[in-house]
Amino acid sequence: MSIAVHSFAKINLGLKIGPARADGFHELRTIYQTIALHDVVRVEVQSGSGIEIRCNDPRVPLDESNTCYKAAERVLKIAKARAQVIVQIEKRLPVQGGMGAGSSNAVATMLGLERALETKLSAEDKLRIAAAIGSDVPLFLIGGTVLGIGRGEEVYPLQDLPSMHLVLVTPPIGVSTPQAFAQWDDLVAREAELTGAGATGTINKFSQAVYAWLSESVFSRAVSASEPASGVPAVGGDRAETPLLDLVRAGIENDFERVVFPEYPDLREVKRVLEREDARYASLSGSGSALYGLFGSGEEAQAAAVRLRALGHAAVATTTLTREEYWNAAAWG
């Protein structure tokens, strides 16, 4: 029997890059938000041994470097199971798009294989597997609105932001995340030369920016609220409008835009087009190349997506997913 799981994408509502760590990664602060666009991952278990990855997109590796392969290998080891595992990825999300598609595929594989083997891994085991595979994999074990710190793998469920409408644009460009980090390091080094700021100055500047970012925005309420993580209460006015305005007021930004846009000017232009279409907030997701704009209503988002497609952009209107919506829709494709 084949187990099908919806493998949802994410966007980043702001992303702050801190100094490089001793392990080669960077300190990060970001708010992850799952959205309704998804791949479909099908997991099948047969007698025998080995892991086989299949995919309809030739850009996806089918060997041990594939995140689904890594997830299946670790699940089999922890479950002490012997089986031939076949993972079929129906790819609908872009590769190297900054939407966490490969990471989400890994978690979908983990969940599907767990069910196919009729076993149950502990939450701790799942988190360890996810963190070992990649920095943004653990967020997909939570879903909804999630705070990511450390290198992005340390995740905390926030109170869900209310569902929001957005337009996602996926340009035909693949942005290398390692290359974007290298360019960021070069930029920081050049700025340090000009200002005379050393490592301590960089860390302090990062800490201050993150503190201001979290304390001045809707996320401060989400982080500190004591209510159950099932939804953010209305603070007055329209529930969807409030976080949109708070995003703008707080000046939430994605630091990757400072190095990715000069390298790929077309991506900067896409953001400008989204803003001209009256997006309340527009941003690169992760290191790109996907960009999104948040809109006040589904009608506005649909109309903007139609106009963007008429301009030649691959644009689609969709919505964010709360944690409950995420898990209800993921189980099972």
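Throughout, read-outs are computed from the coordinates displayed, never taken from laboratory work. This one's a predicted model, so the numbers in the text were calculated from it and none came from an experiment. Every residue, glycine as well, gets a Cβ built from its backbone with ideal geometry; the counts of neighbours run over all protein chains shown.
Things to note:
- Were the residues from S49 through A329 laid out at 0.36 nm apart, the gain over their Cα-Cα distance would be 97.7 nm.
- Candidates per trypsin sites (Lys or Arg not before Pro) in the range 31-91, loop by DSSP, up to 15 other Cβ within 10 Å: R59, K80, R82
- About the Cα centre, charge dipole magnitude for the range 263-322 (Lys/Arg +1, Asp/Glu -1 at Cβ), debye: 20
- Between R92 and E263, the distance separating the two model label sites (each 7 Å from Cα on the Cα→Cβ line) works out to 2.9 nm.
- Within the range 1-152, the proportion of Cα pairs with more than 18 Å between them is 56 percent.
- On full extension, the segment bounded by A132 and S65 gains 22.8 nm, given 0.36 nm per residue less the C-alpha separation.
- Spin-label model, D278/S163: points 7 Å from Cα along the beta carbon direction are separated by 2.2 nm.
- Cα-projected label distance for R190 with A81, points at 7 Å along beta-carbon direction, nm: 5.1
- Distance-filtered residues of the range 150-165 - backbone nitrogen under 16 Å, label point 7 angstrom along D23 Cα→Cβ: 150-156
- Scaling the Cα radius of gyration of the range 268-333 by the globular reference 2.2 N^0.38 Å produces a ratio of 1.23.
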